[in-house]
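K.L.:
Can you read through this structure? Questions will come right after.
The values are calculated or read from the model by the stated rules, or taken from the named source; none is laboratory data. None of the values given here were measured: they were computed from a predicted structure. When we count neighbours, we look across all protein chains shown, and the Cβ atoms used for this are built from the backbone with ideal geometry, even at glycine. Areas reflect the complete protein model, heavy atoms only, side chains present, ligands, DNA and RNA absent. Shrake-Rupley method; radii C 1.70, N 1.55, O 1.52, S 1.80 Å.
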Amino acid sequence: MNKEQLSQQIKAEALRLGFSACGIARAHFVGESKTHLEQWLAEGNQAEMSYMSNHLDKRCDPRLLVEGTKSIISVALNYSPSRKLRDDQLQFAYYAYGQDYHEVMKAKLTSLFNYINEQLHPVNG
């Protein structure tokens, strides 16, 4: 299976699992963005998210996170509810309508990870 076929199968599985979108990009150093990120942080645009300034080198080069990384798979999940509250009711953030977003994402990501490792790139052990 060539890279394009592999990419298409991963994207198709991500959509089947319920992700709204899936993209795959080459992992590389995003040097041109590092200066912008440093400026953004210096201006305090991260608000209460002080962790954003942690591990700046890894934020700018994802290959430093896992040895041998070649590609990044990015997914999105729309958690907008199918049915919204009436205007005369107390309003809540959309993500608070259903299951915890983090748990939903983790389960779907685990399923995608398992699919890749078991079906597309099994590791013989």
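K.L.:
Could you please state, rounded to a whole Å, how far the C-alpha centre of the range 1-38 is from the C-alpha centre of the range 40-119?
P.N.:
Value for the Cα centre distance between the two parts: 14 Å.
K.L.:
Using a Cα-Cα cut-off of under 16 Å, which lysines could be cross-linked to Lys3, ignoring same-chain neighbours fewer than 8 residues away?
P.N.:
Lys11, Lys70
K.L.:
Please turn the phi angles of the range 77-82 into ³J(HN,Hα) values with the Karplus equation 6.51 cos²θ - 1.76 cosθ + 1.60 (θ = phi - 60°), one per residue in order, whole Hz, x for glycine and proline.
P.N.:
9, 7, 10, 5, x, 6
K.L.:
Placing +1 on the Cβ of each Lys and Arg and -1 on the Cβ of each Asp and Glu in the chain, which of Cys60, Leu41, Gln9 has its Cα farthest towards the positive end of the resulting dipole?
P.N.:
In the chain, that residue is Gln9.
K.L.:
Quick one: putting +1 on the C-beta of Lys and Arg, -1 on the C-beta of Asp and Glu, what dipole do you get for the chain around its Cα centre, in Debye to the nearest 20?
P.N.:
Dipole of the chain, to the nearest 20 debye: 420 debye.
K.L.:
While we're here: Taking θ = phi - 60°, what integer Hz values does the Karplus form 6.51 cos²θ - 1.76 cosθ + 1.60 yield along the range 97-111, in sequence order, with x for Gly and Pro?
P.N.:
With the stated coefficients, the range 97-111 comes to 5, x, 5, 4, 3, 5, 5, 5, 4, 4, 5, 5, 5, 4, 4 Hz.
K.L.:
Cβ neighbours within 10 Å, averaged per peptide: list 108-121, 46-59 in order, most packed at the top.
P.N.:
Per-residue mean Cβ counts within 10 Å order the peptides as 108-121, 46-59.
K.L.:
Taking all protein chains together and a probe of 1.4 Å, list Val123, Val75 from the most accessible to the least accessible.
P.N.:
Most to least solvent-accessible, the answer reads Val123, Val75.
K.L.:
Next question, about the same structure. Please report, as a whole percent, how much of the solvent-accessible surface of the chain comes from carbon and sulfur atoms (probe radius 1.4 Å).
P.N.:
52 percent
K.L.:
Taking only the alpha carbons of the range 4-109, what extent do you get along each of the three principal axes, in Å, biggest first?
P.N.:
Principal-axis extents of the Cα atoms in the range 4-109, largest first: 49, 43, 20 Å.
K.L.:
Can you tell me which aspartates and glutamates have their Cα less than 19 Å from the Cα of Lys58? Leave out same-chain residues fewer than eight positions away.
P.N.:
Once the sequence-local aspartates and glutamates are set aside, what remains near Lys58 is Glu32, Glu38, Glu67.
K.L.:
Follow-up question, since we're still on this one. What does the accessible area per residue of the chain come to in Å², with a 1.4 Å probe and no ligands, DNA or RNA counted?
P.N.:
79 Å²
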